[in-house]
Amino acid sequence: MITGILTSALLLWTPLAIAAMGGLLHRVGGVVNIGLEGQMLVGALIGALVSGATGNWALGVLAAGAAGGVVGLLMSLCVTRLGANEIIAGLGFTIVLSGLIGYLLRSVFDVSGTLRVTGLDPLPRVLGLDPLFLLAVVLVPVIAWSLRNTAAGLRLRATGDGFDAATALGIPANGIRDIAGTIAGMLAGIAGSHLVLGQVGLFNEDMVAGRGFIALAAFYFGRARPLPTALACLLFAVFDATQARLQTSGVPAQLIQTLPYLVVIAVLTATAVRDARGKSRRAG
Amino acid sequence: MSVRLGARGVSRAFGAVRANQGVDVEVRAGTVHAVVGENGAGKTTLMRILYGLDQPDSGTVVIGDRPVRLRGAADGIANGIGLVPQELAMIGSLTLLENLVLGAEPRRGVRIDWARARAEAEELASDVGVELPWTAVADTVSISVRQQTEILRALRRGADVLILDEPTAALAPAQVDDLLRLLRELRDAGRTVVFISHKVDEVLAVADEITVMRGGKVITTRRADAVDRAELIELIVGEHVRTTGFVPSAVIGDEVLTVDGDVALSVRAGEIVGVAGIAGSGQDELVERVVGLRPAGGRITLSGKDITALAVDRRRAAGLGYISGERRAEGLSMDASLADNAIAGTHRAIGRRGWLAPSKVRRYAKRVLDSYSVRYGRLTAAARTLSGGNQQRVVIGRELDRAPALLVAAGPTRGVDVLGMAYIHDQLRALRDNGSGVLLVSEQLDELLELSDRIVVLHGGRVAGELPGGPESRTAVGALMLGRKAS
């Protein structure tokens, strides 16, 4: 049972970690990306459609990334060029996209909520692990290293911590934010495609189920550092896998399904308490 | 090429505020050129235009005798101009080395060549004779060190004109001397320095030429050796300023405030106790502990009563007043009306059973604002519609009108011009002479020396020593601020 939980935890960890890495980059650049949820949903749908149409999982994943990237760029432009509030823009995009997708399912595909794509090519697996799992594993150290050791990483950190100061140095801070927002959208889109191609095998309009927001909580908990963020995702994934197993134990499923979310609230509370303690210690 | 950098007929307005009006300036190559004036005289606007961060509505920037259009900071940098702004453009979470190379990183393939960056940094630093902790995070080092890093950054980017905006505002006296020496060295090495300040003595000590600005216009440009101190002050202010100078307290009573802990001190009735120290030496913590904004160990008493466990409102009821240096964040509610701001904290006394009678509120607010010479239109106007100096008068009036047993004044004249400052100083002295105690925290040593009966110097979060007030203590206080023994 334990190995079963672990395997499925890694499966559930993959999309969370990929989306969280995208959100993390955006956060380091100074924008809180509330739109991950909607971008994941777009990625899931496009990934399913393109994989089905081409019969190629890789093209599905790429298309999902591209679609998420476009949404991410549009959202970022709203924030950086039109001065929209990042919270409102992120929430707005998520709500509009989920409404739009629900409408498309009913009007174009003539289904109510769940879309089975014929000829869908799922992710291949080696020893129970798929290519996107490897992508997530590689992304964590690569992002950590790049933030420290590349000019792009340094400028992204500078933009996030001192927007005006960076601008005064001739760094195109808004452009950097747009790039970060686009990458965040791409990664969220790819994460969304994993839900379809790596897990369920069909598309449902509710399938993201708050994972974009969990990813948000993860990079908050990890203070926008890649490894702690990835571990926070793992914590959630383990509890998500556990609740899936516990559903057969006789306790009402709805209650058990809240377990991972309860863990998120508990962890965020613990983080806040730790921060408050640290603050008063320094003061004392 | 005699004029390295200049402005011809530059005007710039922000809404109704005409920050620059037909400004003409010529900065000669290889000189230190000071631009002096009060807050709001238009110095910073002019500098941002000269650097390319802002564009004039009319008129033009001149570089090397040629009119040019600067479209952004990158254009300024390309023309060899470096700006060290007042709010230092350092990224707090980055190391000094990261800050130095930011925007022009030496690379090897995709990665930054940190070894080369370090070597460049060391070479630059030794060229101008400073030593910097390159791997320290910017937030953890002193303002003086951050400033030196900024100067080196500008030099590294090929600047041969350095614009420094109020560089001495937050420095200790010895650090000011070091900076002025550095500026002279840069000039002697053939570079051009534009030095913005409102401190007359520093300007006279370092500048070759002085341009005086007032109300967005250039009043005059003089050679530094052709103008004396008194004349310069009068040019800056536009009228004769009466300053009271140091007047020690006549009658000192019992202790109204005692603080235990790392920073232990007391304030007696009829006494102004100044707290000196370079920024970040523990002043903020002290103020927040006394006012009750930060929980802390160590006992605090007010008029003999233990207030350690009391919340802010209870402390105020017990006789505490607070003038915050953070006017926008703590001093006023910028969107609330002047009347609401004037009664804030006193509203319980004015109201009855949770109801505030509008006529009573108006009468109270009008009396407070009028007796502290606030220039305002209507009581219902938002606080943000007033000028900075007037806003501060609202705060002063609100806090002093209650005649607190102890007033905590943290940077009470920050962002206030010379005339406003003289007024606030007189008010603080009057409060003291009426038997209140005043805990005065300020970044400005002159203010502390002139007002305080005693000066407590903080260094590294502890009390480094205590000295009497008055101008004679300047050197000793300055030494203690840097953690040296007073000699």
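So that you can scan it fast, the table gives a plain yes or no per residue for (1) of a type in the set (Phe, Trp, Tyr); (2) over 18 Å from A:PRO141 (Cα atoms); (3) touching a helix residue (DSSP H, G or I) at 6+ places or on another chain (Cβ under 8 Å):
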{"position": "A:ALA218", "(1), (2), (3)": "no, no, yes"}
{"position": "A:ARG225", "(1), (2), (3)": "no, no, yes"}
{"position": "A:ALA230", "(1), (2), (3)": "no, no, yes"}
{"position": "A:LEU235", "(1), (2), (3)": "no, yes, yes"}
{"position": "A:ALA244", "(1), (2), (3)": "no, yes, yes"}
{"position": "A:PRO252", "(1), (2), (3)": "no, yes, no"}
{"position": "A:PRO260", "(1), (2), (3)": "no, yes, yes"}
{"position": "A:VAL264", "(1), (2), (3)": "no, yes, yes"}
{"position": "A:VAL273", "(1), (2), (3)": "no, yes, no"}
Filtering the range A:117-136 for residues that are surrounded by 20 or more Cβ atoms within 10 Å (Cβ to Cβ) and either within 14 Å of another protein chain (Cβ to nearest Cβ) or touching a Phe, Trp or Tyr at 6+ places or on another chain (Cβ under 6 Å) (or both) leaves a count of 1
Considering only helices (runs of 4 or more DSSP H) wholly within the range A:137-248, the ones with at least 3 residues that are more than 14 Å from chain B (Cβ to nearest Cβ) are A:173-194, A:211-221, A:226-246
Exactly one of B:ALA410, B:ALA422, B:ALA430, B:ALA403 is surrounded by fewer than 22 Cβ atoms within 10 Å (Cβ to Cβ) and in contact (Cβ under 8 Å) with a residue 40 or more places away in the chain, and that one is B:ALA422
Q) Going by the conditions given, is B:ALA7 modelled with pLDDT of 90 or more, within 23 Å of the chain's Cα centre (by Cα) and over 26 Å from A:GLY162 (Cβ atoms)? A) no
Could you tell me whether B:ALA169 is surrounded by 15 or more Cβ atoms within 10 Å (Cβ to Cβ), out of contact with any Ser or Thr (no Cβ under 8 Å at 6 or more places or on another chain) and part of a loop (DSSP other than H, G, I, E, B)?
-> yes
Cβ pairs under 9 Å, 6+ apart or interchain, first in the range B:52-65 and of a type in the set (Lys, Arg) and surrounded by fewer than 21 Cβ atoms within 10 Å (Cβ to Cβ), second outside any strand (DSSP E or B) and at pLDDT below 90, ordered by first then second residue, are none
Of the residues in the range B:346-380, those that are assigned to a loop (DSSP other than H, G, I, E, B) and either within 27 Å of the chain's Cα centre (by Cα) or surrounded by 22 or more Cβ atoms within 10 Å (Cβ to Cβ) (or both) number 5
Scanning the range B:153-195 for residues that are over 22 Å from B:LEU445 (Cα atoms) and either outside the structural domain of B:ALA89 (by TED's automatic domain parsing) or among the small types (Gly, Ala, Ser) (or both) gives B:ALA154, B:GLY158, B:ALA159, B:ALA189, B:GLY190
Every listed condition ((1) modelled with pLDDT of 90 or more; (2) farther than 28 Å from B:ARG462 by Cβ) holds for B:THR258 save (2)
In the range B:84-94, anything crowded, with 17+ Cβ neighbours inside 10 Å and more than 7 Å from chain A (Cβ to nearest Cβ) is listed as B:VAL84, B:LEU88
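Table: residues versus (1) among the basic types (Lys, Arg); (2) out of contact with any helix residue (DSSP H, G or I) (no Cβ under 7 Å at 6 or more places or on another chain); (3) assigned by TED's automatic domain parsing to the domain that holds B:PRO167.
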site: B:ARG362; (1), (2), (3): yes, no, no
site: B:ALA365; (1), (2), (3): no, no, no
site: B:ARG378; (1), (2), (3): yes, yes, no
site: B:ASN390; (1), (2), (3): no, yes, no
site: B:ILE396; (1), (2), (3): no, no, no
site: B:LEU431; (1), (2), (3): no, no, no
site: B:GLU447; (1), (2), (3): no, yes, no
By my count, strands (runs of 3 or more DSSP E) wholly in the range B:1-113 with at least 3 residues that are farther than 27 Å from B:VAL141 by Cα are B:3-14, B:17-28, B:32-36, B:58-63, B:66-68
- Message: Whether any residue in the range A:128-150 is farther than 23 Å from A:ALA20 by Cβ and touching a Gly at 6+ places or on another chain (Cβ under 9 Å) is what I want to check.
- Response: no
For the range B:112-131, pairs from a residue that is surrounded by fewer than 16 Cβ atoms within 10 Å (Cβ to Cβ) to a residue that is assigned to a loop (DSSP other than H, G, I, E, B), with Cβ under 8 Å and 6 or more apart or across chains, are B:ARG116/B:PRO106; B:GLU122/B:TRP134
Practice item. Evaluate the range B:414-423: report whether one residue or more is over 25 Å from B:PRO173 (Cβ atoms) and of a type in the set (Asp, Glu). Key: no
When restricted to B:VAL287, B:VAL263, the only residue crowded, with 21+ Cβ neighbours inside 10 Å, within 14 Å of chain A (Cβ to nearest Cβ) and in a helix (DSSP H, G or I) is B:VAL287
Checked A:LEU139, A:LEU156 against criteria (modelled with pLDDT of 95 or more, within 30 Å of B:GLY76 (Cβ to Cβ) and of a type in the set (A, V, I, L, M, F, W, C)); the one match is A:LEU156
Only one of (1) part of a helix (DSSP H, G or I); (2) at pLDDT 90 or above; (3) closer than 19 Å to B:LEU46 by Cβ does not apply to B:ILE236, and that is (2)
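Looking only at the range A:265-284, count every residue that is within 14 Å of another protein chain (Cβ to nearest Cβ) and modelled with pLDDT of 65 or more and tell me the total.
So the count comes out to 3.
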Of the residues in the range B:100-111 that are more than 16 Å from A:PRO172 (Cα to Cα) and either surrounded by 19 or more Cβ atoms within 10 Å (Cβ to Cβ) or at the interface with another protein chain (Cβ under 7 Å from one of its Cβ atoms) (or both), the one that is nearest to the chain's Cα centre (by Cα) is B:LEU100
With respect to B:ARG69, is the statement that it is away from chain A (no Cβ under 14 Å), over 24 Å from the mean Cα position of the chain (by Cα) and surrounded by fewer than 17 Cβ atoms within 10 Å (Cβ to Cβ) true? yes
When the range A:214-273 is checked residue by residue, the ones that are among the small types (Gly, Ala, Ser) and surrounded by fewer than 15 Cβ atoms within 10 Å (Cβ to Cβ) are A:SER249, A:GLY250, A:ALA253, A:ALA266, A:ALA270, A:ALA272
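The values are calculated or read from the model by the stated rules, or taken from the named source; none is laboratory data. Just so we're clear, the structure is a prediction, and the values are computed from it rather than from any experiment. All Cβ positions, even for glycine, are placed from backbone atoms using ideal geometry, and neighbour counts span all protein chains on display.
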